[in-house]
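The values are calculated or read from the model by the stated rules, or taken from the named source; none is laboratory data. Model, not experiment: these values are computed from the prediction. With ideal geometry, Cβ positions are generated from the backbone for all residues, glycine too; neighbour counts draw on all protein chains shown.
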Ligand SMILES: [Zn+2]
């Protein structure tokens, strides 16, 4: 049997493992993402590749390649991290494949983290046998991956499908990316917390909700999780914020449906830990908007592969791309 070495590079942790074509992760290790310099991340990746290659060799497992998924804008053909993300310091302008190729003979594939999530779900998860789908990860930001005609949409060099930066309000708040009113500023965990802080700031003392008055003095303690907790407890301000997040997401999804004509939208990421009710609300709102012939047939579902989806998507690349890009 053949195996692949996968590495999933996130803002707080790096997960690495050895996986077979069916998506069974046999060996998995996690590391903290180095916080200082890109050299430290590269060094860690070299160590991971060395030690997992040795483990595979000792256990008689044949590796066919290495797949890496990372946040940021990735030039897939060149295997280069172009511009990174606010979550991983100094992670930009890194010719990663060239550097790592000096340490291994295995073919290496490097792809954006949400693109590999879409790939994982399309190959082994909820999107199996679906040719046209969109995957959205709602976490610190909103990441996107588009599969159209069975292939990942990359654009000219791999920067396509930045779906979190579809604007839903041209007069909206300034986004990290420099654009305005991006869906990420409303529907990410960070966006939900931001909207709650703004609501609380103008919350009149006379209304007398002691919890909200407490957070008025401690805005730094407001997180998206807190907003969901307050909402479950019946807080109407929190409910308003969550409804805005769902509404913004639904408008963005309808724009995506109009653009890409998918049959499936897959929702994942930390915000989705809230569960099925969140997806149901998005489904309902999306169903009220847009062009009927395009919107009505679209299914909206949660991810299926869970916590290992990023790792599985990273690791599956050698099999998915191996033939297309001429692996020897
Ligand atoms: Zn943006």
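Where helices (runs of 4 or more DSSP H) fall entirely within region 144-235, those with at least 2 residues that are at pLDDT 95 or above are at 184-187, 189-201, 224-232. Any idea which residue in region 307-328 is modelled with the lowest pLDDT, counting only those that are surrounded by fewer than 24 Cβ atoms within 10 Å (Cβ to Cβ) and closer than 14 Å to residue 15 by Cβ? Result: 307.
Among the residues of region 149-168, those identified as touching a residue at least 60 places away in the same chain (Cβ under 8 Å) and farther than 25 Å from residue 306 by Cβ are 154, 157, 158, 159, 166, 168. Pairs linking a residue in region 82-95 that is in a loop (DSSP other than H, G, I, E, B) to a residue that is surrounded by 15 or more Cβ atoms within 10 Å (Cβ to Cβ) and modelled with pLDDT under 80, with Cβ atoms under 9 Å and 6 or more positions apart or on different chains, are 90/84; 91/84; 91/85; 92/84; 92/85; 93/84. For residue 244, the conditions (1) within 19 Å of residue 162 (Cα to Cα); (2) in a helix (DSSP H, G or I); (3) in contact with a helix residue (DSSP H, G or I) (Cβ under 9 Å, 6 or more places away or on another chain) all hold with the exception of (1).
Can you name the residue in region 257-283 that is buried (at least 21 other Cβ atoms within 10 Å of the Cβ) and at pLDDT 95 or above and, of all such residues, is farthest from residue 152 (Cα to Cα)? Checked region 257-283; the qualifying residue farthest from residue 152 (Cα to Cα) is 282. Looking only at residues in region 176-186 that are within 19 Å of the chain's Cα centre (by Cα) and surrounded by fewer than 20 Cβ atoms within 10 Å (Cβ to Cβ), the one that is farthest from the ligand (Cβ to nearest atom) is 176.
Contact annotation: residue pairs with Cβ atoms under 6 Å, 6 or more positions apart or on different chains, pairing a residue in region 230-242 that is more than 16 Å from residue 277 (Cα to Cα) with a partner that is assigned to a helix (DSSP H, G or I), are 237/199.
Within region 146-175, restricting attention to residues that are within 16 Å of the ligand (Cβ to nearest atom) and loosely packed, with under 14 Cβ neighbours inside 10 Å, the residue that is farthest from residue 113 (Cα to Cα) is 171.
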